1. Output the residues belonging to segment 153-181 that are over 20 Å from D196 (Cβ atoms), outside any strand (DSSP E or B) and touching a strand residue (DSSP E or B) at 6+ places or on another chain (Cβ under 6 Å).
2. Residues being assigned to a helix (DSSP H, G or I) and either in contact (Cβ under 8 Å) with a residue 24 or more places away in the chain or β-branched (V, I, T) (or both): count how many of those fall in segment 89-109.
3. Identify the residue in segment 219-239 that is closer than 16 Å to I173 by Cβ and in a strand (DSSP E or B) and, among all such residues, is most open to solvent (accessible area, probe 1.4 Å).
4. Please pick out the residue among R227, R149, R144, R201 that is among the basic types (K, R) and within 16 Å of the ligand (Cβ to nearest atom).
5. Name the single residue, out of those in segment 365-382 being modelled with pLDDT of 95 or more, open to solvent by 40 Å² or more (accessible area, probe 1.4 Å) and part of a helix (DSSP H, G or I), that is nearest to C271 (Cα to Cα).
6. Consider segment 106-134. How many of its residues are open to solvent by less than 20 Å² (accessible area, probe 1.4 Å) and within 16 Å of the ligand (Cβ to nearest atom)?
7. Taking the stated definitions as given, is D47 of a type in the set (D, E, K, R), touching a residue at least 60 places away in the same chain (Cβ under 8 Å) and either open to solvent by less than 20 Å² (accessible area, probe 1.4 Å) or under 30 Å from E109 (Cα atoms) (or both)?
8. With the structure loaded, tell me whether A332 is farther than 25 Å from V135 by Cα and either without any contact (Cβ under 8 Å) to a residue 24 or more places away in the chain or in contact with a strand residue (DSSP E or B) (Cβ under 7 Å, 6 or more places away or on another chain) (or both) or whether it fails that test.
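The values are calculated or read from the model by the stated rules, or taken from the named source; none is laboratory data. Since the structure is predicted, the reported quantities are computational estimates derived from the model, not experimental observations. Glycine also receives a Cβ, built like all others from the backbone with ideal geometry; neighbour counts cover every protein chain displayed. Side chains included, ligands, DNA and RNA excluded: accessible areas come from the protein's heavy atoms. Shrake-Rupley method; radii C 1.70, N 1.55, O 1.52, S 1.80 Å.
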Amino acid sequence: MTATAWAPPTERLEQVRAFMAERVLPNEDVLDREDDEADALVAKLRDEVREAGLWAPHVPPEAGGTGTGFLDYAYLNEQIGRTVWGQLVFGCQAPDAGNAEILHLYGREDQKERWLQPLVAGEIRSFFSMTEPEVPGSDPTTLRTRAVRDGDEWVIDGHKWFSSGAEGAAFGIVMAVTDPDAHPHSRATQILVPADSPGLRIEPVPVSGHRGRGWTTHCEVWYSGVRVPAANVLGERGDGFRIAQKRLGPGRIHHVMRWLGQMQRAFELMCSYALEREAFGGRLADKQTVQNWIADSAAEIQACRFMTLDAARKIDAGDEARVEISLIKFYAARVLNEVIDRAVQVHGALGLTDRTPLATMLTHARAGRIYDGPDEVHRMVVSRRILKTFAAGGAWRFS
Ligand SMILES: Cc1cc2nc3c(=O)[nH]c(=O)nc-3n(C[C@H](O)[C@H](O)[C@H](O)COP(=O)(O)OP(=O)(O)OC[C@H]3O[C@@H](n4cnc5c(N)ncnc54)[C@H](O)[C@@H]3O)c2cc1C
């Protein structure tokens, strides 16, 4: 493999890094308040990002963005991920980024015009409505929300929760069972549902550490006889799982890219404070336990970075990279939590206050071990796939 195969988009990376350092991070306190002033600031910063030609780096120009592939995006998104607000400012926020990708891949032209274009332009927001309270999100073949065909319409009945960003969104992509007697992975269909449809009710679920206004909400959604045109199906009927896989794979690696920014930021705070704080007659930086945390964190962050770049490179080459994505999803979630936790520990009581971003980062990081598939499920996927290859006489190796 040549060195250029991993080359970063140097100029854009520098622009993104500078924008985050000069315009976003110094304003984090205002953005954290999630009030009208924060909303106005987000709008202003978004305009500046557009003017700089850095808008929506997750999708290519034909979908309205400035993206040039997963590998480049991995480098940019690490910088964007240093604060949770970066993704909103750059127009690549979850869950809209994943929704835009599947609309770009599977949407018809009229669907793209109605939903994708304003979504990527940042004029509207969306939600992805799959998980249900009554059945395990880890095993979506058990979903109960039904869509029944009635003439030229689908009638949707069901109950979802943790539909992120649903408050104030213009539409949702809903996973509903349309063919209950089909093979478990062909039962569900993805359907585009306007959020103002009669019979649809949205209420935020209070999630610890997520203040909850508009984009930062995780919502419970009730669908009671919600009617949408038959043409609102995304892709083909019965293709819900195949499309979800296309959405969740890239979505997982998008999360990990941003987590790299969180890990790196926590690591830098840990190092700075260790050099500054003294205890028992010397700097924390001179205690071997702290040195071990710094060394372990450096090694683990770099491992996560290379695993992410490797998966991104494979996706760019047309590979689904399912093992690589599952590997990095559970491994990076653990490293993320451990690095931030070590940084909190080095800061002592200060680490639990709002005078550093660490306590908030830790709360957000904990959710990373659950959303888009809990650690245990990704471990299961990885080991099953590897064992299957071995059982067939093959081996799993780096390529
Ligand atoms: C912050 C946040 C945002 C989210 N956003 C969205 C969203 O936008 N849209 C959406 O549809 N969903 C969303 N989710 C839901 C998320 O995807 C689910 O929570 C996740 O898939 C797990 O499902 P569950 O919570 O029902 O847990 P369950 O499936 O009930 O699992 C509970 C626990 O059981 C264990 N477990 C499960 N399977 C196994 C196994 N095979 N082996 C060993 N242990 C196992 C795991 O420890 C797991 O944590 C979000 C969740 C969070 C926390």
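1. T178
2. Filtering segment 89-109 for residues assigned to a helix (DSSP H, G or I) gives 89, 96-106, 109.
Next cut, either in contact (Cβ under 8 Å) with a residue 24 or more places away in the chain or β-branched (V, I, T) (or both) only: 89, 96-106.
Of the residues in segment 89-109, 12 are assigned to a helix (DSSP H, G or I) and either in contact (Cβ under 8 Å) with a residue 24 or more places away in the chain or β-branched (V, I, T) (or both).
3. Within segment 219-239, the match that is most open to solvent (accessible area, probe 1.4 Å) is P229.
4. R144
5. Residue satisfying both the conditions and the ranking: R366.
6. Here the count works out to 5.
7. no
8. It is false that A332 is farther than 25 Å from V135 by Cα and either without any contact (Cβ under 8 Å) to a residue 24 or more places away in the chain or in contact with a strand residue (DSSP E or B) (Cβ under 7 Å, 6 or more places away or on another chain) (or both).
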